Amino acid sequence: MTVHEPIYITTPLYYVNDELHLGHATTTIYADTLARFWRACGRPVLFLTGSDEHGQKIHKAATAAGTDPKSFADRIVGKFFELWDALDITYDVFIRTTDDFHKHAVQQLFTRLNSNGLVYTGKYEALYCVDCETNSTEKDLVEGRCPIHKSVPQKVQEENWFFRLSAFTDRVREHIEKHPASIVPEARRNEILGKLKEGLLDSSVSRTTFTWGVPLPWDSRHVLWVWSDALVNYISALGWPGGKALPTDAIAGRRRHQHTRAVGETPFAYWWPHSVHLVGKDILWHHTAVWWSMLLGAGISPPRQVFAHGWWTVEGDKMSKTLGNVIRPLDVATRYGRDALRYHVLREGPARGDADWRQALFVARYNADLANGLGNLVNRSLNMLGKYCDGKVPAEAAFADPALETLRLALGARVDRLLGALSAKVSELDLDGALEEIWLLVRDANAFVNTSAPFKLAKDPARKQDLQAAMHALCQVVHALCHAVAPFLPDAGTRIAAQLQLAPGQPLPEGLRWGALPAGHQTGKPEPLFARIEEANA
Ligand code: ME8
């Protein structure tokens with residue numbers, strides 16, 4: 001990867017059957033953090049999210065709400081926008097599967113598969129879980145129920161169109177073997193390779209028992225299966241098959257952060273080779289075996305990478321409406337701040353395996369890392385700077401004491417190494433690891449305050465130079481942290497920038513450098529960043 005190589009980051013399109021919860025926010029926070037980090041490094045970024053609006057599940061939810069599916073989808077998607085705005089998610093494009101340009105692209109893709117001889121009619125008989133929008137075999141079920149939704153699947157029998165998925169078993173496997181990083185983490189890749197050993201079975205891609213979907217272009221009695229429709233969003237959002245321009249007209253009015261670089265006349269050709277799909281483990285199969293076969297069948301190469309994270313449970317239980325334990329991201333953000341939500345998701349979330357949301361752990365992490373760690377460091381550094389230096393950054397100085405000087409130089413080296421360390425971790429999609437790199441600096445710097453004790457140095461006129469050395473060092477650390485935390489904790493980044501009297505959003509390579517905050521720079525009023533959560537209010 002070069003710094004200027006583009007990256008196209010996508011989340012799943014979430015179903016509009018219900019409000020979004022912590023799980024959906026998790027994938028989106030991962031994507032937003034990646035997007036913010038790479039933008040700050042100067043990489044061209046396109047960040048896509050959206051909504052999955054067709055199919056039986058949505059039809060059923062709309063009927064239960066006494067309305068038609070489109071009005072229902074409009075209402076729920078309005079809540080998606082509210083949530084992503086409230087969490088300050090910086091997507092560039094929000095796609096809805098009911099967008100006309102998307103429906104057109106889906107039809108084009110299936111027309112191609114048809115002309116390539118990859119679809120045929122047949123009899124579909126299956127056990128179908130409407131909540132998963134996927135069929136299951138007897139062996140997938142637990143006591144006759146879907147293991148995820150605990151619902152009894154429908155017995156479906158109809159005449160419909162099939163896609164020759166079976167023709168792609170070898171090609172999908174070979175692609176994975178040739179490009180091991182195409183599915184991460186490794187354990188997920190092995191899961192898919194294991195499942196591929198059983199061979200892919202042709203899959204039904206259309207339905208005739210309802211009409212809420214994209215009609216098959218050559219047989220309008222059928223609408224496409226919701227997955228056959230939704231997966232295409234990753235390329236329809238790039239203007240495929242036309243490839244002339246991103247269909248921004250169609251999405252005008254939806255909040256978006258336009259990517260800043262010109263992408264020429266061919267956004268599909270520009271972005272697709274750099275695509276990274278972030279998904280939960282529940283839909284990895286759809287995003288690899290099924291999606292890649294569709295792409296290969298249409299002559300398009302698979303995405304560069306699919307990252308599948310695990311699932312959250314809550315205090316040891318499955319998160320479910322029935323159990324009444326659903327974590328609403330907005331509630332957490334309103335109560336503790338959106339950075340607190342992001343921090344916990346990035347630190348304790350299910351990036352590698354599954355994870356358990358525990359309130360006690362949330363409070364402990366928040367108090368230790370945010371309030372006592374980062375918050376305390378920034379606050380006491382800027383308070384001391386105000387007291388001892390009138391809030392002005394002093395010129396660099398060395399300590400007379402060699403032990404302190406060693407600590408100061410080590411801090412400087414850590415700041416200068418940080419950009420490389422963060423880029424390496426973020427490239428591996430190890431966001432927890434990236435935060436750990438930042439917190440090594442936070443902990444070292446807090447220890448440095450305790451050891452160098454500027455409050456004692458300030459009382460001793462003979463140690464003026466040592467005080468200057470300490471305060472200069474702390475200014476550089478706070479400045480570096482302001483930049484380093486911004487992609488992960490955007491509000492903290494903005495607030496530290498305000499206290500330093502700097503414009504927020506400066507490029508990382510400029511900020512993550514010892515000495516980047518010049519001597520004589522006047523800082524502003526220190527404000528605590530994170531109030532401690534007291535047990536009684538937890
Ligand atoms: O599957 N823990 O949409 P969906 C972590 N529309 N992540 C979770 C989670 C949990 N407990 N629950 C959900 C769909 N997620 C399809 C996708 S894409 C073309 C179509 C997250 O609304 C995770 O990202 O059911 C999971 O993959 C996604 O929500 C499923 O969202």
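Listed values, structure above:
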{"read-out": "Segment 323-353, subset more than 13 Å from the chain's Cα centre (by Cα) and among the β-branched types (Val, Ile, Thr), residue farthest from the ligand (Cβ to nearest atom)", "value": "334"}
{"read-out": "Test: residue in segment 149-157 that is modelled with pLDDT of 95 or more, among the basic types (Lys, Arg) and within 26 Å of residue 119 (Cβ to Cβ)", "value": "no"}
{"read-out": "Filter pass, residue 392 being without any contact (Cβ under 8 Å) to a residue 40 or more places away in the chain and among the basic types (Lys, Arg)", "value": "no"}
{"read-out": "Enumerated helices (runs of 4 or more DSSP H) restricted to segment 8-104, each holding at least 2 residues that are over 20 Å from residue 212 (Cα atoms), within 9 Å of the ligand (Cβ to nearest atom) and not β-branched (Val, Ile, Thr)", "value": "22-40"}
{"read-out": "Residue match in segment 72-82 (condition: in contact with a Pro (Cβ under 6 Å, 6 or more places away or on another chain) and not assigned by TED's automatic domain parsing to the domain that holds residue 348)", "value": "no"}
{"read-out": "Selected residue (criterion: nearest to the chain's Cα centre (by Cα)) from residues of segment 292-314 that are within 10 Å of the ligand (Cβ to nearest atom) and aliphatic (A, V, I, L, M)", "value": "308"}
{"read-out": "Qualifying residue in segment 397-407 (condition: touching a residue at least 12 places away in the same chain (Cβ under 8 Å) and closer than 30 Å to residue 188 by Cα)", "value": "no"}
{"read-out": "Candidate set: segment 275-289, residues that are more than 10 Å from the ligand (Cβ to nearest atom) and aliphatic (A, V, I, L, M); chosen: the one surrounded by the most Cβ atoms within 10 Å (Cβ to Cβ)", "value": "289"}
{"read-out": "Residue within segment 69-79 that is farther than 11 Å from residue 17 by Cα and in contact with a strand residue (DSSP E or B) (Cβ under 8 Å, 6 or more places away or on another chain) present", "value": "no"}
{"read-out": "Residue 241 being modelled with pLDDT under 95, in contact with a Gly (Cβ under 7 Å, 6 or more places away or on another chain), in a loop (DSSP other than H, G, I, E, B) and of a type outside the set (A, V, I, L, M)", "value": "no"}
{"read-out": "Any hit, segment 156-166, residues being farther than 20 Å from residue 210 by Cβ, in contact (Cβ under 8 Å) with a residue 24 or more places away in the chain and in a helix (DSSP H, G or I)", "value": "yes"}
{"read-out": "Residue, modelled with the highest pLDDT, within segment 41-50, restricted to residues that are of a type outside the set (D, E, K, R) and surrounded by fewer than 24 Cβ atoms within 10 Å (Cβ to Cβ)", "value": "41"}
{"read-out": "Check on residue 320, more than 11 Å from the ligand (Cβ to nearest atom) and either more than 20 Å from the chain's Cα centre (by Cα) or surrounded by fewer than 20 Cβ atoms within 10 Å (Cβ to Cβ) (or both)", "value": "no"}
{"read-out": "Residues of segment 333-363 that turn out to be surrounded by fewer than 19 Cβ atoms within 10 Å (Cβ to Cβ), more than 17 Å from residue 84 (Cα to Cα) and not charged (D, E, K, R), as a count", "value": "4"}
{"read-out": "Residue pairs meeting the criteria (Cβ under 7 Å; at least 6 apart or on separate chains; first assigned to a loop (DSSP other than H, G, I, E, B), in segment 179-191; second of a type in the set (Phe, Trp, Tyr))", "value": "none"}
{"read-out": "Filtered residue count, segment 383-400, keeping only those that are assigned to a helix (DSSP H, G or I) and among the aliphatic types (A, V, I, L, M)", "value": "2"}
{"read-out": "Hits in segment 493-538 - residues which are in contact (Cβ under 8 Å) with a residue 60 or more places away in the chain and outside any loop (DSSP other than H, G, I, E, B)", "value": "496, 499, 508, 509, 522, 535"}
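The values are calculated or read from the model by the stated rules, or taken from the named source; none is laboratory data. Small disclaimer: the values here were computed from a predicted structure and weren't measured. Neighbour counts run over all protein chains shown; Cβ positions are idealised from the backbone, glycine included.
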